[in-house]
Amino acid sequence: MSIRVRLLLSYSCILIVTIVLFLAAALLFVVAITGDVRSVKDFYNIHYSVNPLSEQEETIFLDLKYLAKNEPDSLLDHTLLNQYNYKLRSVQAELVIRKGNEAIYSSLSVKQPQFITFLPDYEMENNAIRNTLQIGDHFYAYAKFDFRFPDQSKGSVLVVRERSPFAEVVRTLLPIILGVLFIVLLLMNMLLYYFLTRSIIKPLDLLRKSTERIKEGDLEFELQAVGSDEIARLSEAFEDMRMKLKQSVEKQLQYEQNRKELVANITHDLKTPITSIKASIEGIRDGVPDTKQKMERYVNTILTKAEHMDQLIDELFLYSKLDLKQLPFTFEEISLGQFIEDYAEDLQFDLQDKGVALTWDIVHSESTNVLADRDKLKRVLTNIMDNAMKFMLDEPKQIGISLSVETDFVRLMISDSGSGISEEALPFIFERFFREDLSRSQQTGGSGLGLAITKQIIEGHNGSIYAESKLGAGTSMIIKLPLARSIGGRT
């Protein structure tokens, strides 16, 4: 359930419950005061907080009270009493005239024949003229005025109205009912507040604390998303952001470390030939090569070192362009099997002159078609072959090439019978300037960029490259390139 719907339902529930409770309390209050649900419509026009009767009933009662004070004999006139009773019955009230302990006039609609026996005692001071009495299951509200007849006997005039038992119960329980309603409303609001706090405020507070930790540079924590609403999705997005930020920081630190290593490696690889060139030039300047043969040796040293520096700079420039994605690829669909076979045939005789036997096992079919840049793919093969030649020191010297087709890619493997690569060094051979020979001797390695360039080119073809090797058992370079049919019409 979304937060918007949750908030809408929560506040709608609060509003509805509050209105219902208010209306219920108001209705109960009115019923308790008026004594009947039917009198609710008169509530706003009369004041039942003091008077238990309606305005019309009170008017008639006041007329009768006046007669009791000034003309008590008239209250013995049944004709007059019938007229007043008629008016009272029209508003659902009753008239009772008491003299002594007998009711000398009583409305025929009174349902209690024993009504006279339940009337309160005389109170000639008339301090409490309004009250309610209970006869069995019936409740009656009355207004009473006590007086004396001319013969000095006690008399009472009563205007009586039957009240709802429910109204009387409510009147008794009204404080408790209102208290319960208030407590229910309070508990509802507390529960809703707790629910909103638990499902919204706490996750948002956790997000706030997480942002503060990130602001302080702390990325070593995990934000757990609970649920499936917007807050949970926000937490998931925040956690993804934290992970990517952490990876970015780690990558930046790695780049900085690589940059330092790159500067150090370039400095070392350039300083070595420059030192040799400088020493040779100083020797020539000092007249050390006093024969033609010595001079040629010094000049050849300078030329060799200069060519090495030029090759190093070219490879560094190529790697930089590949790394920055600034070197364009010219892709075309080629048969990789035919391409490898042509390359192997051209290379076979050169390798024979160096005492290396080259064999190949190539699949010949259109199923080996890939999208490739011919020149850069040839550079990959040349780098791998040159790297294999450097480390094949013992006989027999052999290089094998095999090509097979798998589900969505072709698998090219180039194996040699060289000295192999140690298990510790194997994961790092595709990094720039990496050499297993820590002395960085040029006799056992080149610039250290060959395999790094190879990896960049293969990845530019959407492929992958890795090595398998053991010391003393040779090395195998495995290249996987996607088939042309699996990647569509890329050009």
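In segment 185-218, whose amide N lies under 18 Å from the spot 7 Å out along Cα-to-Cβ of A24? List them in ranges.
185-192
Can you give me the distance in nm between label points at K470 and I281, each placed 7 Å from the Cα along the Cα-to-Cβ direction?
According to this spin-label approximation, the distance is 5.1 nm.
What's the extension gain from E125 to R89 if we count 0.36 nm per residue and subtract their Cα-Cα distance?
Length difference between fully extended and current span is 10.1 nm.
Going down the table (K244/K455; K65/K154; K215/K244; K271/K292), which pairs top 21 Å between alpha carbons?
Where the Cα-Cα span goes over 21 Å, the pairs concerned are K244/K455; K271/K292.
I135's amide H: which non-local residues (gap 5+, or another chain) put their own amide H closer than 5 Å, with H modeled 1.01 Å from N in plane and none for Pro or chain starts?
Amide H neighbours of I135, under 5 Å, 5+ apart: Y140.
Please provide three numbers in whole Å: the alpha-carbon extents of segment 45-163 along the principal axes, with the largest listed first.
Here the spans come out as 37, 31, 28 Å, largest first.
Average the reciprocal distances over every distinct pair of alpha-carbons in segment 329-487, invert the result, and give the Kirkwood radius in Å.
16.1
Show me, for segment 385-402, the HN-Hα J-couplings you get by feeding each phi into the Karplus relation (A = 6.51, B = -1.76, C = 1.60, θ = phi - 60°), rounded to Hz, glycine and proline as x.
Calculated HN-Hα couplings, in order: 5, 4, 5, 5, 5, 5, 10, 9, 9, 10, 7, x, 9, 9, 10, x, 10, 9 Hz.
Hey, with R₀ at 60 Å, roughly what FRET efficiency would D73 and L186 work out to, going by the Cβ-Cβ distance, to 0.05?
0.45
Can you pull the one-decimal nm distance between simple spin-label points at E239 and T267, each 7 Å off the Cα toward Cβ?
4.4
Values in this text are rule-based calculations from the coordinates and carry no lab data. Everything numeric here is computed off the predicted structure, so don't read it as measured data. Cβ sites come from the backbone with ideal geometry, for glycine too, and all protein chains shown count toward neighbours.
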